[in-house]
Each structure stands twice: as C-alpha cells, then as structure tokens.
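Read-outs throughout are calculated quantities, based only on the coordinates presented, and are distinct from any laboratory measurement. Keep in mind that what you see is a predicted model, and the values were worked out from it rather than measured. A quick note on method: Cβ atoms are made from the backbone with ideal geometry, for glycine too, and the neighbour counts reach across all protein chains shown.
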Amino acid sequence: MQTGGPGWEVPLGRRDSLTASLSGSNNLIPAPNDSLPTIIGKFANQGLDIVDLVALSGGHTIGDSRCVSFRQRLYGQNNNGQVDRTLNPAYAAELRGRCPRSGGDQNLFALDLVTQFRFDNQYYHNILAMNGLLSSDEILLTQSRETMDLVHRYAADQGLFFDHFAKSMVKMGNISPLTGSAGEIRHNCRRVNHF
Ligand code: HEM
C-alpha cells in the first residue's frame, strides 16, 4: 500500500447492489455527531462489535473531512457558543481559521492532523491528545471505558491496530451481501455507473 498500513486477503465474489440508497445511508451509517451508544448500535446492527468500531475508526488515519462535518464542535449545537470541551483549544483555534461559523462548509481538513498521508496509529495518539477531528473520533476516548481501553492499546501497539483493522475490514466486507442473481459481482471496482 502506498500509504503504508496492513494488507489482507480480500474474499472475492461478493455481490454488490446496482443502486445506492440515500435513506439507507442516512439511517444506517453513523453520522459524525451521533452519540457513542447510537454509533455502537449502528455497528451492532451490522454484526460489528466494539473492537470493529474502534479499529475501523482508525481508517481516519488518512483522508479529509469537510468543515460542515465537525463545525458543531467549534461553535456548539445551534451555534450557541458551547465549544466542545474535549477538543484541544489550540487545535480548535486553528480549525476555526478555515471553518467559520457560517460559510466554508466544503473546506477540507486532514482527519489525522499529524500524518495525513500515512496509514499508521497516529490517529489514536491524536485522540489521546484531544486532537481527534470528529466528535465520533474523540468520544471513543471520553465516553466508554471499553472503547477508551482500545484507543490506548492501539496507540501503544501499532501491530495490534493493523491486525484488528485487517480482520474488521474483512468482517465489514461481509455485511449482508446480496445473493442469487441480485446485484452483481463487480468486475471493475472503478466503474462508477451503468450507462
Ligand atoms: C464510526 C463511524 C464513522 C463515522 C461517524 C465516520 C464519519 C466520517 C466523516 C464525517 C468523514 C468526512 C466526510 C466529509 O466531511 O465529507 C469521514 C471520512 C472518512 N472516513 Fe469515516 N466514519 C466512520 C467510520 C469509518 C470507517 C469504518 C472507515 C473505513 C474503515 C472510514 C474511513 C473514512 C475515510 C478514509 C475518510 C476520508 C475520505 C476522503 O478523504 O475522501 N470511516 N468519515
């Protein structure tokens, strides 16, 4: 992998849908400001447990988030000025520079402020330093003993994170596949439409 990180064997032959569902995405996929119990519940509904949640959240070691996905942490729910106390104040000040109260919704920010282009366990170190970007990242440390322990373990042991991440990716790939003649087995993963 160009970014580093673990490899794993991808089981082939999964049947994928020919369509996408906006309501499915809105209802089934966790939102960045969901509470921890809600996120745990949404994972559990797909057969994914707490280890899967904390390990897969480590996917945020690469990539970006738009301002609109974490603005609430900077200015409070309903813009009431109640800044998220679990966000490092220096980091919050930096974020506010390009993520104002209104406007700039699409401005992009690294999900991992230290090593955005490396797949590593820095994400967990960020969380320990209150530098997790999304609420859903930081609450892994602050809202449950079980998820907190895993954050500490992955920060201390990158090999363990890689091992769990790879296993959880295979589990995630096996979520309710289509069967029979429904959907298709992708021959070209990069195909974006069927026209
Ligand atoms: C715990 C539940 C999760 C929540 C609430 C969540 C939320 C988000 C949000 C809000 C963004 C930024 C989207 C935007 O602003 O446009 C994002 C980006 C991303 N997420 Fe997650 N995510 C979750 C789980 C995962 C999982 C399981 C993976 C994969 C293992 C993952 C991988 C990524 C990646 C790679 C990006 C960056 C995409 C890019 O740069 O274009 N996330 N996530």
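Each Lys and Arg contributes +1 and each Asp and Glu -1, all at the Cβ; summed about the Cα centre of region 104-195, the dipole is approximately 420 debye.
Can you give the extra length, in nm with one decimal, that the chain gains between T86 and N107 once fully stretched, where that is 0.36 nm per residue apart less the Cα-Cα distance?
5.3 nm is the gain from fully extending T86 to N107.
Remark: the chain carries a charge dipole of roughly 480 debye about the Cα centre, counting +1 on each Lys and Arg Cβ and -1 on each Asp and Glu Cβ. With θ taken as phi - 60° and the Karplus curve 6.51 cos²θ - 1.76 cosθ + 1.60 applied, the whole-hertz 3J(HN,Hα) list for region 112-119 is 10, 5, 9, 10, 4, 9, 10, 7 Hz, x standing for glycine and proline.
The calculated 222 nm mean residue ellipticity attributable to helices in the chain amounts to -12000 deg cm²/dmol, summing -39500 (n - 2.57) over DSSP H runs of n ≥ 4 and dividing by all residues. Backbone geometry of region 65-77 corresponds, through the Karplus equation with coefficients 6.51, -1.76 and 1.60 at θ = phi - 60°, to 3J(HN,Hα) couplings of 10, 7, 3, 5, 7, 9, 3, 3, 6, 7, 10, x, 4 Hz, x marking Gly and Pro.
Taking only the Cα atoms of the chain, the ratio Rg/Rh comes out at 0.98, with Rh defined as the Kirkwood radius.
Across the chain, the mean sequence separation of Cα contacts (distance under 8 Å, 6 or more residues apart), normalised by length, yields a relative contact order of 33 percent.
Since only Q77, I39, T19 are under comparison, the one whose Cα sits farthest along the positive direction of the charge dipole of region 18-139, derived from C-beta charges on Lys, Arg, Asp and Glu, is Q77. Cβ-Cβ distance of E9 and R98, R₀ of 45 Å, FRET efficiency by 1/(1 + (r/R0)^6): the value works out to about 0.65.
Amide H to amide H distances under 5 Å link R15 with L178, where only residues 5 or more positions off or on other chains count and H is placed in the peptide plane.
Placing unit charges on the Cβ atoms of the charged side chains and taking the dipole of region 115-195 about its Cα centre, the candidate lying farthest along the positive direction among H164, L141, V151 is H164.
Look at the dipole of the chain built from charges on Cβ: of L178, P100, T115, the Cα furthest out on the positive end belongs to P100.
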